[in-house]
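All remarks here apply to the structure that follows.
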Amino acid sequence: MHLTELNRECLLHLFSFLDKDSRRSLSFTCHQLREVFMDPRLWNLLHFSSPCELRRDNFVLGPSLRYLTVCWYSSRVLQVCNIEDWLKSSFQRDICSKHERLVSNFLAQVCLMCPNLLSLTLSGCGHITDQDVISVLQSCRKLRSIHLENCVRITDRSLEGVAAQGVSLKEVKVDFCRNITEAGLQAVREKRPGIQLSAERSAGMIPDSKPEEKVPLRRTLQKVLLFS
């Protein structure tokens, strides 16, 4: 029996064992397999090991998506992305400009096309904002689990969104997010005691500072050098 003689359900089952790139390559062999590739039922789980993968035409977003993970473990890029914006050099800003909207734009598509999302993990996504997280919470009302790790722009505003918008949330993790505070975590615990909340290191890290907060320190150092 030729592969294309199998019915749609069998083909979907076979495709489910392939990674995204293999599915895409196989889909180009004939029209029937391309239709299987485009079937939203095939795409209930998506895992991306780099935001750059979001540019590839090797996946389909749709209402069947339940589990989504975007992780970025490139230490060189992360070191640049994690620098406070006002401290970045022009070269560093140029590096970030090539990818800073990738995850945010992708999440905007998820909000429009994936209302049944159950679990979201974002790790090392240094450019996502509180508004990105809140938009997902507002659009994906069935979301049960959200894990944010090393997302430096995430603040207590995301936690406020968790308390107000995460109607189905059961588990929330905010690990190594330096702009999360203990006060923000405590507010979630008080407002939503049913949520399993954890935050590894987040509330104990040094938060971002504003440019004007550096001025008194700079002046003090100048005085020390002047009179030493």
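The values are calculated or read from the model by the stated rules, or taken from the named source; none is laboratory data. As the structure is a computational prediction, the values presented were derived from the model and not from experiment. Cβ placement follows ideal geometry from the backbone for every residue including glycine, while neighbour counts extend to all protein chains displayed. When the accessible area is computed, the model is the full protein with side chains, heavy atoms only, and any ligands, DNA or RNA have been set aside. Shrake-Rupley method; radii C 1.70, N 1.55, O 1.52, S 1.80 Å.
Put 72, 86, 43 in order of accessible area, highest first, and with a 1.4 Å probe you get 86, 72, 43. Of the listed residues 73, 67, the order by accessible area with a 1.4 Å probe, largest first, is 73, 67.
Rounded to the nearest whole Hz, the Karplus-based 3J(HN,Hα) values (6.51 cos²θ - 1.76 cosθ + 1.60, θ = phi - 60°) of segment 112-125 follow the sequence 7, 10, 10, x, 9, 4, 9, 9, 10, 10, 10, 10, x, 8, with x at glycine and proline. Segment residue 61..residue 2, full-extension length gain: 18.4 nm, with 0.36 nm per residue of separation and the alpha-carbon distance subtracted.
With Cα atoms as the point set, the radius of gyration and Dmax of the chain evaluate to 21.6, 89 Å. The slack in the chain from residue 24 to residue 87, taken as 0.36 nm per residue of separation less the alpha-carbon distance, amounts to 18.5 nm. Applying 0.36 nm per residue to the separation of residue 41 and residue 160 and subtracting their alpha-carbon distance, the gain on full extension is 39.5 nm. When the chain is treated as a Gaussian network with alpha carbon springs shorter than 10 Å, the biggest mean-square fluctuation among 174, 36, 136 belongs to 36. If only the Cβ of Lys and Arg carry +1 and only the Cβ of Asp and Glu carry -1, the dipole of segment 83-134 around its Cα centre is close to 160 debye. Of the whole protein surface, residue 19 contributes about 90 Å² of accessible area at a 1.4 Å probe radius. Between 174, 158, 115, the Cα set farthest toward the positive side of the dipole of segment 105-186 (charges on each charged residue's Cβ, about the Cα centre) is that of 115. Exposure check, 1.4 Å probe, all protein chains in place: residue 28 carries approximately 120 Å² of accessible surface.
Average accessible surface for the chain: 56 Å² per residue, computed with a 1.4 Å probe over protein heavy atoms with every protein chain in place. Working from Cα pairs under 8 Å separated by at least six residues, relative contact order for the chain is 13 percent.
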